[in-house]
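*Asks:* Before anything else, here's the structure in question.
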Amino acid sequence: MQTKLAVPIAAPNLDKARQQIEAAIAAGAEMLELRTDYLENLSVELVKSVIAEAKATNLPAIVTCRDKQQGGAIGYPAQLRTDVLAAALKAGAEFIDFEYENFLSTDNQERIKLALSECSKGRLILSAHNFKTKFDDISQLYRDILTVYPAAIPKLVYTANHINDCFEAFDLLHQTSGEQIVFCMGAAGLVSRIIAKKLGSFVTFASIDEKTATAPGQLAVEQLKNLYRYDCINADTQLYGIIGSPVGHSAGPAVHNACFAEIKANKLYLPLLVEGGQAEFDQFLNNILSREWLGFAGFSVTIPHKANALEYTKAKFGFIEPLAEKIGAANTLTIDEPRATSHERRISAYNTDYAGALDAITSTLEISRADLNNLPVAVIGAGGVARAIVAGLSDAGAKIKIYNRTVKKGKKLAAEFNCDFASLSELPDVEAKLLINCTSIGMHPNTDETPFPQECLKADMAVFDTVYNPAETLLLKQASQAGAKTINGVDMFINQATAQFKLFTGQDAKPELMRKAICNCII
């Protein structure tokens, strides 16, 4: 069964509906959802006119007149809403969408069933939405819908408050056959909208643009098709992604998906918003590893989970690259195929930040690694990126002082690599020749922030900001104004991403393609 990409038409009048339909066709819609609850002065005749516009496109249409209590735009009475759906069937709409909860009303049910009996081709979607959290028992709800009306297409949509909430939706799609529409709303549920096609959901939804989105977390068609390679997704697509919090800023999907497309690989790279700490991270990967059919094969790992990734791999007795072990953080995970002797899948941990950062420093400053010996370096932060950079600079013999907000964490990192430590309050007195920001301060959308006082920047410094979105952070702008040499995070990102791509595919990435992709998606 081929998943249909439906684009909602949520217009206040016929003229706007006509414009939106044209835009949806141009964007690549495969189905239209006519959200008649958005129409002002709703009437049966108005709906017929909108359907006529949709029919002229030769695309199938779902007509929805959503109850305001379940996400509708305008609170029209039940009588009018059922009249609209009945008229839609007579006008040739292929599908009507009605709320399962309201369908349990005898009056509503009789009227909808009568309209369906008078139209041999029309189908009924019975929908249930939970805008707050998961359903108590999504499998039972699915069965209840089909018990009430066996010919229905169940539509079950709920808000995922954490990405781990999505797995119940994935399981339902995997365990059931036939036509059903299942996905999650919200930022944590974004991934479910993208891989709905891989898992066989009857429909997934994408808006014409951000302004016309009709539900939380709904992507625009352009994003779904171009960034996430929607047209190439099928049941065999292998999945990768970036695990972190936040991940909305990440250039990873743009970079890796462009490179997957270049080598014509049936692979897809996703943003995986995993909030929380070690426990939530562990639960997410346990969910992945226990579902081989999802097809996940590798991950990039970013803030705040790089140390969590290493600890998880240790707990699973996976392979740990010696460098990642030494650093105490992993930014790359791969998952092997199940071993012949068991159903377990081996996880492996690597760190590509180390070389990526050192290469960015030496190439930009046009020096060798040997030139880093005895160089006074100030590192702001003590997270996963800082650990990799400190390890690299320590190996090169640099004189490192770590500055961190959390004293205990900063002192621990300094002790591990035999470095000095100072609190952030001492940062204005820094005497370093190389200043490196390893925090997320200044990252989009908080681009007006900087971790270092402008008046303390000096012309004889080199300043490296590992933040890559934006490419020129406020710190780098101010450093440049002070006459200092600057190193942006884009080079480091590309260096570490090319190494990750090799681990994911066994093939070499094209750095120039990565640079083009990253420059197209960062501010």
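The values are calculated or read from the model by the stated rules, or taken from the named source; none is laboratory data. Source: prediction; values computed, not measured. Backbone-built Cβ (ideal geometry, glycine too); neighbour counts: all protein chains shown. Just so you know, the surface numbers come from the protein's heavy atoms only, side chains and all, with ligands and any DNA or RNA stripped out. Shrake-Rupley method; radii C 1.70, N 1.55, O 1.52, S 1.80 Å.
*Asks:* Just the number, please: carbon plus sulfur as a percent of the accessible area of the range 247-386, 1.4 Å probe, no ligands or DNA/RNA counted.
*Replies:* 51
*Asks:* Please list, short to long, the whole-number percent of alpha-carbon pairs of the range 439-480 in consecutive 5 angstrom bins beginning at zero.
*Replies:* Using 5 Å bins, I get a P(r) of 5, 28, 36, 20, 9, 1 for the range 439-480.
*Asks:* Let me ask something else about it. After finding the eigenvalues of the alpha carbon gyration tensor for the range 408-486, what semi-axes result from the square roots of 5 times each, listed largest first in whole Å?
*Replies:* Computed over the range 408-486, the values are 22, 16, 11 Å.
*Asks:* Here's something else I'd like to know. Using only helices, what value at 222 nm comes out for the chain when you add -39,500 (n - 2.57) per DSSP H run of length 4 or more and divide by the total residues, to the nearest 500 deg cm²/dmol?
*Replies:* Dividing the helical sum by the residues of the chain leaves -11000 deg cm²/dmol.
*Asks:* Let me know the number of lysine pairs in the range 130-282 closer than 19 Å at the Cα, not counting same-chain pairs under 8 apart.
*Replies:* Count of close lysine pairs: 13.
*Asks:* How high is the relative contact order of the chain? Use alpha-carbon pairs under 8 Å, at least six apart in sequence, and give a whole percent.
*Replies:* 9
*Asks:* Rank by packing, highest mean first: peptides 171-179, 234-242, 389-397, with packing defined as the count of other Cβ atoms within 10 Å averaged across residues.
*Replies:* Answer by packing, highest mean first, reads 389-397, 234-242, 171-179.
*Asks:* A further question on this structure: How many angstrom lie between the C-alpha centres of the range 201-220 and the range 433-448?
*Replies:* 33
*Asks:* DSSP loop GluC sites (Glu not before Pro) in the range 404-476 with at most 10 other Cβ atoms within 10 Å of their Cβ, which ones?
*Replies:* 431
*Asks:* Rg and Dmax of the chain over Cα atoms: what are they, in angstrom?
*Replies:* Gyration radius and largest Cα-Cα distance of the chain: 26.6, 85 Å.
*Asks:* Could you tell me the convex hull volume per residue, in Å³, taken over the Cα atoms of the range 205-295?
*Replies:* 115
*Asks:* Working only with C-alpha atoms, what are the Rg and Dmax values of the range 124-197, expressed in angstrom?
*Replies:* In order Rg, Dmax, the Cα atoms of the range 124-197 give 11.5, 33 Å.
*Asks:* Let me ask something else. Calculate how steeply helix 78-90 sits against the longest principal axis of the alpha-carbon atoms of the chain, using the helix alpha-carbon long axis, and give the answer as 0 to 90 degrees to the nearest 10.
*Replies:* Roughly 80 degrees between the two axes.
*Asks:* Of the options 380, 299, 135, report the single residue whose Cα projects farthest towards the positive end of the charge dipole of the chain (beta-carbon charges: Lys, Arg +1; Asp, Glu -1).
*Replies:* Positive-end residue among those listed: 299.
*Asks:* Count the lysine pairs in the range 376-523 whose Cα atoms sit under 12 Å apart, keeping only pairs 8 or more residues apart in sequence or on different chains.
*Replies:* For the range 376-523, the number of qualifying lysine pairs is 8.
*Asks:* By average Cβ neighbour count within 10 Å, what is the ranking of 96-107, 372-383 from highest down?
*Replies:* 372-383, 96-107
*Asks:* Give me D for the range 147-246 in µm² s⁻¹, whole number, from Stokes-Einstein with Rh from the Kirkwood sum over alpha-carbon pairs, 20 °C and 1.002 mPa s.
*Replies:* In µm²/s, the coefficient is 151.
*Asks:* Go through 189-202, 16-29 and give me the packing order, highest mean Cβ count within 10 Å leading.
*Replies:* Put in order of decreasing packing, that is 189-202, 16-29.
*Asks:* Additional query: Using the Karplus curve 6.51 cos²θ - 1.76 cosθ + 1.60 with θ = phi - 60°, work out ³J(HN,Hα) for each residue of the range 263-276 in order, rounded to whole Hz, and write x for Gly and Pro.
*Replies:* Couplings: 9, 6, 8, 7, 9, 9, 10, 10, x, 10, 6, 10, 7, x Hz.
*Asks:* Please state the equivalent ellipsoid semi-axes for the range 268-375: what are the square roots of 5 times the Cα gyration tensor eigenvalues, largest first, in whole Å?
*Replies:* 31, 15, 13
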